[in-house]
Amino acid sequence: MTEHTNTPEVRIKLWDEGDLGLLRQLNSPEMTVHFGGPETEEKILARHKRYHEIAQKGIGRMFKILLLPHLEVVGSVGYWDQIWQGESIYEVGWSVLPDYQGGGIATKATELAIASINSEKKHKFIHAFPKINNPASNAICRKLGFSFMSECDFEYPIGTIIRCNDWRLTVEENE
């Protein structure tokens with residue numbers, strides 16, 4: 001395994017009851033510029049409940065991102081079951097707090113989430129849907145080997161249609 005001196009050391013840990021504060025930080029106007037703006041407190045509480053229960057229900061996993069060596073909580077990454085164009089897929093998404101953006105944390109954390117997906121192998125494909133004018137998230141898809149499929153309209157959050165790029169990665173096969 002090649003060591004990169006500039007690669008951040010991160011871990012991902014399953015989302016738990018104590019992560020509501022992180023979700024509130026991720027709901028700031030700056031963090032939601034690509035998602036139609038901040039959600040109401042009621043929607044944040046419902047999202048927190050979904051994030052906490054997703055693994056228990058067997059429909060995905062949500063993680064907080066921890067930056068080593070001090071285990072600072074710097075964002076979230078996760079994946080969940082989705083139906084896209086009539087096919088069952090994994091959808092993956094990530095978000096890193098502003099003070100930690102640009103250093104490769106989201107790329108590394110998403111790589112770890114993909115490793116978790118590859119251990120499950122429930123669906124054939126992983127899709128990511130970054131907004132077309134979100135260069136950082138689109139760059140993460142390229143770095144991680146996703147294939148650009150097309151531009152598309154996508155609903156996120158529920159009730160908001162945004163113009164996205166559809167990126168797809170094949171789940172690793174058993175050898």
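A compact table of results
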item	result
Residue count for the range 36-75, restricted to those that are within 13 Å of Arg24 (Cα to Cα), in a loop (DSSP other than H, G, I, E, B) and not β-branched (Val, Ile, Thr)	3
Positions within the range 135-175 being in contact (Cβ under 8 Å) with a residue 60 or more places away in the chain and within 22 Å of Thr7 (Cα to Cα), in sequence order	Ser137
Top-ranked residue of the range 133-154 - restricted to ones that are of a type in the set (D, E, K, R) and at pLDDT 95 or above, ranked as farthest from the chain's Cα centre (by Cα)	Glu151
Residue in the range 156-170 that is nearest to Ile89 (Cα to Cα), counting only those that are surrounded by fewer than 17 Cβ atoms within 10 Å (Cβ to Cβ) and of a type outside the set (Phe, Trp, Tyr)	Thr170
Ile162 vs. criteria over 22 Å from Leu22 (Cβ atoms) and either out of contact with any helix residue (DSSP H, G or I) (no Cβ under 8 Å at 6 or more places or on another chain) or assigned to a loop (DSSP other than H, G, I, E, B) (or both)	yes
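The values are calculated or read from the model by the stated rules, or taken from the named source; none is laboratory data. In this text the structure is predicted, and so the values were computed from the model without any measurement. Don't worry about glycine lacking a Cβ; one is built from the backbone with ideal geometry, like all the others, and counts go over all protein chains shown.
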